[in-house]
Amino acid sequence: MRRASVCVALCIAGFCVLVLNAQTSRGVDQNAPENTVDARPRIGLALEGGGALGIAHIGVLMWLHDHRIPVDEITGTSMGALVGSLAASGHSARELEHLVTDTNFDGLFTLKPSMSDLSFRRRADQNELPQALSIGLRHGTPSIGNALIADGELNAFLARQLSAYNSENLDFDALPIPFRCVATNLTTLQPAVFRSGSLPFAVRASISIPGVFPPVRRGQDTLVDGAIMDNLPTDVLRSELHAQIVISVYLGDSPLSDQDATSLVGIFARTLSAGTSRNVQLNRSSADIEISPQLDNFSVTDYTKAKALIKAGYDAAEKQGSKLLPLAISESDWQVYEAALTAKLRRLPANIQVTSVSGSDPSVSAHVAAVAKRLENRPFEPERAEAVVSTVRGNGALDAYYETFKSSAAGSNTGGNTSVLPDDGVKIYWDKKADGPPYLLLGTEVVASTSNVTSSIFDIRFVDQNLGGYGSELRSDVRVGYLTQAGTEYYRPLGTSRFFIQPSVQILREPVYLWEDQKRVSERFLQHAGGGFDFGLAVSQNLQASLEYRAATIRWKLVSGADSSPTPQLSGRVESVAAHFVYTTRTAAIASPHGTLIDFTAGHLFDTSASADAPFAKLSARQSFTFAGTNLISLSTEVNTYFRSTVADPLRFTLGGPLRLYASSVDEYRGTDTELLRAIYLRRIASLPTGIGQGVYLTGGYEQGNVWSPEHPAIFRQDGFGGVLLSTPVGAITLGGAIGGDDHRKIFFTFGKLF
C-alpha cells in the first residue's frame with residue numbers, strides 16, 4: 001500500500017470508481033505454447049488493493065487476454081475487488097480501459113450529497129446553510145459522522161454497473177468467472193469473505209476505506225475495507241476457489257516520506273499501511289507467479305495517469321512471460337473458453353412483480369413499502385430502482401439500498417425451477433443513520449466591503465426528522481451576531497398523502513442602516529415577532545406548493561442619525577396570506593453546473609399598521625448551465641412588488657450588496673417595487689477532489705437594478721463585478737471588486753453562501 005492522507009484518501013475514493021469498468025482485446029501471440037481445455041490447470045488471479053495504482057491490474061488483464069491465458073477464478077480486495085468484480089461479471093478489459101481514461105467522476109465523491117438526491121426540505125437546508133457543519137446527536141453525544149464522503153452517488157454507480165448481479169440470490173461461483181472479495185468485519189474483528197448475495201454490496205464493503213467512506217452494515221455486522229485484514233487474497237484463491245495455479249498482482253510499498261513523518265494524518269495513514277503491508281507480505285509467498293508493476297513514479301492519487309499505469313501493468317506481465325506463456329491455450333480452445341464466459345452472463349430482471357422491505361421499525365417500513373410499490377408491474381430499470389432508494393435516503397434520517405430477488409411465484413410455470421428465470425422482485429433494505437437524527441447544523445456568514453458595515457452571523461439549526469411520525473420533523477433556527485433571530489416550525493405530512501401542515505413562530509431583531517448619496521445617515525432598529533401556518537402539497541422532490549398565513553407585531557424606531565424614512569416610528573401589526581410555489585432542479589447550492597430555480601409568492605397584505613391593504617408578489621428565478629466542461633453561466637432575476645401601493649418602510653424591499661448590486665452598500669435602496677437582473681460567468685480554474693461544482697472559479701458579471709417608491713423618483717443602477725470564488729464543502733468564499741454608475745465602487749469579501 002502507498003502512503004495516504006485524508007486528501008489522498010479522497011482521491012483514492014475518486015479513483016476507486018474510475019476503475020469500475022475494465023478488460024480489453026488486442027492481437028494474439030501466435031507463438032504462445034498451447035494447453036488443451038481438458039488438460040490445463042485451473043488458474044486463479046489475486047488483485048491487491050492500492051487506490052489509483054490498481055489501474056495497473058487492467059494492463060495485466062490485457063496481457064493475459066492478448067496471450068490467450070485464461071483466468072478461471074478471481075479474488076480481490078478494495079481496488080482489486082472493483083477491477084476483479086467487473087472482470088468476473090463479464091466486462092472486457094477494453095471497457096475498463098475506456099472508463100479509466102475517458103470518464104469524469106467528479107459527481108461520485110462528495111462531502112455532501114448532491115441536491116438532486118435530497119428531499120425538498122434537505123435541499124432547503126443546503127440552500128440556506130451550504131456552509132454548515134452537520135453534527136449528529138442520536139446517542140446524546142455530538143458526532144461529526146464516521147466518514148468524509150457521502151456515498152449515495154457511489155452506491156448508485158455500483159448498482160448501475162453491476163445491475164444484473166445486484167441480487168440476493170446470486171452465487172458468486174455462478175459468475176462468468178467465479179469471484180471472491182474481502183472486507184473487514186469490525187464486529188468480529190475477522191475478515192469477511194463474500195461468496196454470495198449482491199455483488200455491488202460486496203464491492204462497496206470491500207472499498208470502505210475507514211474514515212473516508214461510511215462503513216456498511218449487514219445484520220449486526222459493521223464492515224470496512226478488506227485491506228486491513230487481507231489486501232492480497234491469494235489465501236482465498238487457494239482455500240475457497242481451489243485454484244491450482246495462483247497469479248498475484250502485487251503493487252508494492254513506498255518509503256516513509258518526511259511529510260508523512262511530520263503529519264498527524266500521515267502518521268495515522270502510515271500506521272494503517274504497516275498492518276496492510278504485513279498481511280500482504282504473508283500472502284505473497286502463496287502465489288506461484290507474482291506480477292509486480294514498477295510503480296515507484298506513481299502515487300495512489302494518480303488516476304489521471306491511467307494510460308501509463310495500464311502500460312506498467314502490461315509491461316510487468318510481459319516480464320513474467322517465461323512463466324506465464326506455458327499457461328496459454330490454443331485459438332480454438334480460447335474461443336470455447338470465451339463462449340463459456342458469455343453463456344454464464346446473467347440477465348437483468350425483466351418485469352418487477354413484487355417488492356418488499358427490510359428494516360427494524362414496522363411503521364417506517366410501511367412508508368418505505370408504499371414508495372417501493374412504484375416499481376411493481378413495470379419493466380426493471382436500475383435508474384428507477386435507485387430513484388426509489390434515493391427517496392428513502394433523501395430526508396437524511398435513513399440509509400438504504402436495494403437488491404433484486406426471485407419471488408415464490410417466479411417458478412409457478414416452471415415446476416418450481418426458478419434458476420431459469422431472472423429475478424422478478426426488488427427488496428429495499430433500510431436502517432437508521434448511525435449518528436442521527438437529530439442533527440445540529442452550525443455555520444457562519446460574513447459579508448464585508450469597503451465603506452460599509454461588516455456583517456458576521458453565526459447560524460445554528462436543529463433538525464429532528466421523523467419526530468412524531470415518519471416524514472414529520474421539527475426544525476429550529478437561532479442566528480446571532482449582526483442580528484438576532486430565533487424561530488421554529490413543525491412539518492407534518494397528512495397520513496400517507498403528500499399534503500402537509502406546518503405551524504411556525506419566529507422573532508427577528510436587527511439593525512437597519514439607511515443611506516443617502518452613498519453615505520450612512522441613520523441607524524434604525526427593527527423587530528418582527530409572530531407566527532404562521534402553512535398548508536401545502538409536496539408534489540415531488542423538485543416542486544412544492546403551499547398556502548401561507550402570517551401574523552406578527554412589528555417595531556421600527558430611530559436609534560441614531562436623521563433620515564427621510566416615510567415611517568418615522570412604528571409599533572403595530574402585520575398580516576398576510578399568500579400562495580407560494582418553489583421548483584428547483586439545481587444540484588449544488590453554490591456553483592450548480594446546471595439546473596433551474598423558480599421561487600414565486602403571490603399574496604395580499606391586510607390589517608397592517610401604517611400601510612394600505614395591498615397585493616404583493618415576489619419572484620426569484622435562476623438558470624445555470626455549463627459549456628466546454630469548465631465554463632458556467634448563471635442567469636437570474638428577482639422581482640418584488642406591492643404594485644406601487646403605500647406600505648410601511650420596514651416592510652419594503654431592498655437592493656444593494658453582494659449579488660444584489662455589488663457596487664452599492666448593503667440594502668442601500670428601499671422601495672415598494674424592485675427589479676434585479678444578473679448575468680454571471682464562472683470559469684473553473686481548479687477542482688477540489690470531491691463535490692459537484694466544488695473548485696476555484698474566476699468570475700465576472702453584470703447587474704441591473706430598479707427601485708421605485710411613492711416618495712422618490714425611480715432609481716436605476718447597474719454595475720460590473722469580478723473576482724475569485726472558492727466553492728468549498730464549508731461554503732462559498734468570494735473576493736473581488738465592483739464598479740457601478742455615479743462613482744459607486746466596492747471591494748468585497750464574503751464567506752458562507754452566495755448572497
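The values are calculated or read from the model by the stated rules, or taken from the named source; none is laboratory data. The model shown is predicted, which means the values in this text are computed figures rather than measured ones. Because the Cβ atoms are built from the backbone with ideal geometry, glycine has one as well, and the counts that use them run over all protein chains shown. Heavy atoms of the whole protein, side chains included, go into the accessibility calculation; ligands, DNA and RNA do not. Shrake-Rupley method; radii C 1.70, N 1.55, O 1.52, S 1.80 Å.
One table, with the values for the structure above:
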| item | result |
| --- | --- |
| Extended-chain gain in nm, criterion 0.36 nm per residue less alpha-carbon gap, E523 and S330 | 60.5 nm |
| Using θ = phi - 60° and Karplus 6.51 cos²θ - 1.76 cosθ + 1.60, couplings along segment 370-379 (whole Hz; Gly, Pro as x) | 5, 5, 5, 5, 4, 8, 6, 6, 9, x |
| The chain: calculated mean residue ellipticity at 222 nm from DSSP helix runs of at least 4, using -39500 (n - 2.57) | -6000 deg cm²/dmol |
| Calculated FRET efficiency for the pair A628/H712, C-beta based, R₀ 35 Å, to 0.05 | 0.20 |
| Label-point gap, in nm, between R160 and N146 - each point 7 angstrom along Cα→Cβ | 2.7 |
| Zone residues, segment 607-635, relative to Y681, backbone N less than 18 Å from point 7 Å out along Cα-to-Cβ | 623-635 |
| For segment 304-419, Kirkwood radius (reciprocal of mean inverse C-alpha pair distance, Å) | 19.2 |
| Zero-based 5 Å bins, Cα pair distances in segment 666-755, whole percents | 3, 12, 19, 21, 16, 12, 8, 5, 2, 1, 0 |
| Value of relative contact order over the chain, rounded to a whole percent, pairs C-alpha under 8 Å and six or more apart | 12 |
| Stretch gain in nm, segment R573-S239, where the contour uses 0.36 nm per residue and the Cα spacing is subtracted | 112.3 nm |
| FRET E, pair T496, D171, Förster distance 35 Å, beta-carbon r, rounded to 0.05 | 0.40 |
| Of K112/K311; K373/K432; K344/K406, pairs whose Cα-Cα distance is over 25 Å | K112/K311 |
| For semi-axes √(5λ) of the Cα gyration tensor in Å, calculated from these coordinates, the label among (1) 41, 37, 24; (2) 45, 32, 24; (3) 57, 29, 22 | (3) |
| Virtual paramagnetic centre 7 Å along Cα→Cβ of S609, amide N under 13 Å, in segment 649-665 | 649-651 |
| Heavy atoms of K307: accessible area, 1.4 Å probe, square angstrom to 10 | 150 |
| q = 0.16 Å⁻¹, segment 456-523: log10 I(q)/I(0) [Debye, one scatterer per Cα] | -0.67 |
| Equivalent ellipsoid, segment 63-173 (semi-axes from 5 times Cα gyration tensor eigenvalues, Å) | 37, 17, 13 |
| FRET efficiency estimate (nearest 0.05) - Cβ-Cβ, A308 to D221, R0 45 angstrom | 0.70 |
| Potential extension, F458-L735 segment - 0.36 nm per residue separation minus Cα distance | 97.7 nm |
| Per-residue SASA entry for L474, accessible area with 1.4 Å probe, Å² rounded to 10 | 50 |
